[in-house]
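The values are calculated or read from the model by the stated rules, or taken from the named source; none is laboratory data. Treat the numbers as computed from the prediction; the structure is a model and nothing was measured. Here the Cβ positions follow ideal geometry from the backbone for every residue, glycine too, while neighbour counts run over all protein chains shown. SASA here: full protein model, heavy atoms, side chains in, ligands and nucleic acids out. Shrake-Rupley method; radii C 1.70, N 1.55, O 1.52, S 1.80 Å.
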Amino acid sequence: MPLRPTDERLPALGVRGPFPRSELCHPHDREWLHYAFLAPDTGHVVISNLSVLGAEQPAGEPDRWAPQRMSILLVHEPGHGWSSSQFNAVRPDEAWSTFRLPHPHGAPGAFRVAAVTGSPAVDLRLARTSRPCTSQCSSFGDDEFLRWQSEPGVRGRGTLRGERGEVVHDLLGYHERVRGRWSWPVMGGWVFGFANAPTADPAGAPPWSVVFTLIQPEYPRDAPTGSVMVWRGGRLARHFPRRRFQLAVHGELDLDRVTLTPPLAATLGTPPAPPVPRRLLLAARMGADRLVMDFRAITAARIANPSETNRRPFSVHELLGRCAVEGVVGGRELGFETYGVVEFAGGAHGD
């Protein structure tokens, strides 16, 4: 009998993923899975970061090194705001990921993450509708680096449990994997965001999707890197490299609209973070292709991550806002308005 593509006896072409099965042998080594989803009909938001951090030496076991797992879940409920787990959210040993093989395109998989207290929590069935971009790499500092790969157009359906109870939702969002060796202060800062165009198709890929990244390490001076990517119908249609786009911010988001997470951060004397930009404007152009993305923040959750090399936290701000996109890619005009998510990170030295 011929072997089917999903038959486990068939040798895998590449790692089963989402990461190679290799040791994290340095304290700054890490693997990072990021998930962000929006409910187009209600404005609910789900964001989760699942990470495996560099090895630690267990007490009394000098020959053994154990990686550290950290997980956090954030849920935003319109009219109520943000709720968050601590960094010890309950997660599966092998979380759903589009980068895990074998993975039939469009086949749904379970994604369950919950605070130890039971709220917030999500129980979703996720499925990919698009294809990922090529893997990208940034090197900085003395010997630090990261590789990331993005995929928009991820669909989900299931239950969200927040402060107002449990609701059932259809979700549309984004998934990313990051692997590398970095410490938060040397990383410096980054700006990242995505937007999926609205669609009436409950199962297909969004007609357009946009993902952008800008990484701004402390040193060397020529280390900043980034990209703007555009998907059409689930396929990558244009990649604008760092030298072909500009990013500007304007104004400051009212501090009353910024929630400090996880809950214990407020009890540990976490110092104030730098101001959160209220508006972000991105412009990209290469040849006849161009893109403009105008994001206006409504609210933000500040995740205070511990810094490995000093006592100041490195903050990751998850922003929810309205997003307008217009441009021309491959001779086709695009234009849409929707909710989007932007992530600002930095602040380990208070800058």
Gyration tensor verdict on segment 73-162 (Cα atoms; rounded if a/c is under 1.5, prolate if a/b is larger than b/c, oblate otherwise): oblate
Cα convex hull of segment 263-351 - mean projected area over all directions, nm²: 7.5 nm²
Global form of segment 127-276, assessed from the alpha-carbon gyration tensor, a/c cut-off 1.5: oblate
Of (i) 52, 42, 17; (ii) 27, 26, 23; (iii) 42, 25, 16, the label for semi-axes √(5λ) of the Cα gyration tensor in Å derived from the coordinates: (ii)
Alpha carbon Rg of segment 135-216, scaled by the compact-globule rule 2.2 N^0.38 Å: 1.42
Heavy-atom SASA rank of Val258, Val168 (probe 1.4 Å, accessible area, largest first): Val168, Val258
DSSP-loop trypsin sites (Lys or Arg not before Pro) across segment 284-351, with at most 15 other Cβ within 10 angstrom: Arg311
Top of Pro40, Pro272, Pro217 by mean-square fluctuation, Gaussian network on the chain, Cα under 10 Å: Pro272
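Order the following by accessible area, largest value first: Arg177, Arg235. Probe radius 1.4 Å; ligands, DNA and RNA are ignored.
Listed by decreasing accessible area, they come as Arg235, Arg177.
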Longest segment of the chain lacking GluC sites (Glu not before Pro) that sit in a DSSP loop with at most 12 other Cβ atoms within 10 Å: 164-351
Percentage relative contact order, segment 62-110, counting C-alpha pairs under 8 Å, at least six apart: 27 percent
Quarter of the Cα convex hull surface for segment 291-341, i.e. its orientation-mean projected area (nm²): 5.1 nm²
Within the chain, percent of DSSP bridges classed antiparallel, to nearest 5: 95 percent
Whole-number percent relative contact order across the chain, with pairs defined as alpha carbons under 8 Å at least 6 apart: 13 percent
Qualifying trypsin sites (Lys or Arg not before Pro) for segment 56-164 [loop in DSSP, other Cβ within 10 Å: at most 15]: Arg64, Arg164
Fluctuation leader among Ser85, Ser227, Ser22 - the chain, Gaussian network, Cα springs under 10 angstrom: Ser22
